[in-house]
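**Student:** Structure incoming, see below.
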Amino acid sequence: MNATRIVTTSTVREVIGDDSVNPEASDSFISSPHVEQITERALAYLVAGYPVHFSGVAGTGKTTMAFHVASKLGRNVTLVHGDDEFGSSDLVGKDSGYRKSKLVDNYIHSVLKTEEEMKSLWVANRLTTACEFGEVLIYDEFNRSRPEANNALLSVLSEGILNLPKMRRSGEGYMAVHREFRAIFTSNPEEYAGVHKTQDALMDRLITIQLDHYDRDTEIMIVTKKSGLPGEDAERIVDIVRELRSFGVNNNRPTIRAGIAIGRILASQNRRANADDQFFQMICRDVLANDTAKITRGGQPVMSQKIEEVIRKQCGYAKPAREKNKEVTQ
């Protein structure tokens, strides 16, 4: 079987066939005590046979963590992305077309016998494949799918049985789930656009791990690794991002993605995170514009001023040359 290697920011994966990937650890993945503690807990639940649910705001590394944990299990991974247009058949499978066969018997030249038979063709989708071959199902942002589309998961996660239409090729109405099958779910909070409220019956079958923004040390490690900037610059960028999270209505943003973007842009231009660098200030304003748009003072937006204040606080401005000379003469 041919395999194609794909390098991503979180994992190195081999794509096997159309639906499965083989996750491996990547050099770009950042491991810290905080990350390893979450990994250890998730693995304990999965090994015991329980599905794991990573829940948290955008930018907290839920999908990356899911792949990292899956790579520790040593099984192929089937990835599914939640979609509002999903129905149960998009997870399980459905009839797709027909096969027609015709038999003409002319053994006796004076007798012509013709038989025709039409059979529907069953095409299994990713949940069925994962259950059959004992793969790890990663259902990313599963609550973007409508609740009724996920009903097939209920019997899979509790009884180890996948209900299937009787028109399935083998003619069976159900399939026993492989004993090595495991499931990892990720979701955004219910207040996010395009997200549905999940049925209690499904949530009751999951062990939920709430993911928040990483601690400061981990975020510095991430920005340093992803951008290539010196640690001192990564610290300044992370401190700017973290302080801005404490302002405004939506204090979950900016996320670490904004810090990575600022770091990469600076590194690509061979610049440093200096507060007296106008280019650095403009990068911060552009990257953080959406995240700080709701910061107001007296009812008026003060995004630019707030970013400048935070940059000055975290980085400090270099003193003009005249002031430095004046200090020396005194």
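**Student:** Given H placed on each backbone N at 1.01 Å, which residues far from ASP276 in sequence or on other chains put an amide H within less than 5 Å of it?
**Tutor:** The answer is ALA318.
**Student:** Amide H to amide H, which residues 5 or more places from PHE54 or on other chains are under 5 Å from it, using H placed in the peptide plane?
**Tutor:** Here PHE185, THR186, SER187, ILE209 satisfy the definition.
**Student:** Another one. Of the cross-linked pairs LYS197/LYS226; LYS72/LYS226; LYS72/LYS197; LYS62/LYS226, which ones have a Cα-Cα span greater than 25 Å in the structure shown?
**Tutor:** Numbers: LYS197/LYS226 34 Å; LYS72/LYS226 22 Å; LYS72/LYS197 30 Å; LYS62/LYS226 17 Å.
Pairs exceeding the cut-off: LYS197/LYS226; LYS72/LYS197.
Just so you know, all these numbers are worked out from the coordinates, no wet-lab data involved. Please read these numbers as outputs of a predicted model, since none were measured by experiment.
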